[in-house]
Amino acid sequence: MSADEDPLSHFDPEGNARMVDVGEKPVTERWAVAEGWIRMEPATLERIRSGQVAKGDVLGVARIAGIQAAKQTGTLIPLCHPLPLTSVDLVCDHRDDPPAVRVEATVKTANRTGVEMEALTAVNVALLTVYDMAKAMDRAMEITGVRLREKAGGRSGHWHRNRET
């Protein structure tokens, strides 16, 4: 199917970018889960875990930043629809080998379009917040593996990532 045949194309018949018209789509419950990692030095992770970062509670602030970001996705990504979200849940945990913080965002709405972008935006901003709060200790931190893990609702139904790579 070409872009001009696809009713959900982000391009008009002349090839100009446009916001997709979702007005005729049914309102359904929709949700998406995204995740990502920020790798760091072991000493940085230990200071985050023990609450010894000068700027404060890194993971608590990252959770709030991610929630705020999900709510602002429509203003940050030009062709995203602004959506009323019914729930945004962020989980921040860590692993020791390799040392990293993982952020997982679950976003829900009852609407005509999905919340994949909101979940991905929440994860990215939460990870950037971890970087910002700990960069004085470890400028070599690396954000990696940001991806959609699962989504449900709407015409395309349920989708789940099949592999853990």
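The values are calculated or read from the model by the stated rules, or taken from the named source; none is laboratory data. Just so it is clear, the model here is predicted, and its values are computed rather than measured. Cβ placement follows ideal geometry from the backbone for every residue including glycine, while neighbour counts extend to all protein chains displayed.
Quick notes on this structure:
- Complete set of residues in segment 97-130 that are among the hydroxyl-bearing types (Ser, Thr, Tyr) and touching a strand residue (DSSP E or B) at 6+ places or on another chain (Cβ under 6 Å): Thr106, Thr109
- Some residue of segment 123-130 being of a type in the set (Gly, Ala, Ser), within 19 Å of Trp159 (Cβ to Cβ) and within 11 Å of the chain's Cα centre (by Cα): no
Quick grid of which residues meet (1) touching a helix residue (DSSP H, G or I) at 6+ places or on another chain (Cβ under 7 Å); (2) among the hydrophobic types (A, V, I, L, M, F, W, C); (3) over 20 Å from Ala32 (Cα atoms):
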residue	(1), (2), (3)
Val123	yes, yes, no
Ala126	yes, yes, no
Ala134	yes, yes, yes
Asp138	yes, no, yes
Gly145	no, no, no
Ala152	no, yes, no
Arg155	no, no, no
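- For Asp57, the requirement of being surrounded by fewer than 16 Cβ atoms within 10 Å (Cβ to Cβ) and without any contact (Cβ under 8 Å) to a residue 24 or more places away in the chain is met.
Residue-by-condition table, conditions (1) of a type in the set (Lys, Arg); (2) over 25 Å from Arg161 (Cβ atoms); (3) touching a strand residue (DSSP E or B) at 6+ places or on another chain (Cβ under 9 Å); (4) modelled with pLDDT of 95 or more:
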site: Phe11; (1), (2), (3), (4): no, yes, yes, no
site: Pro26; (1), (2), (3), (4): no, yes, no, no
site: Glu41; (1), (2), (3), (4): no, yes, yes, yes
site: Ile48; (1), (2), (3), (4): no, yes, yes, yes
site: Cys80; (1), (2), (3), (4): no, no, no, no
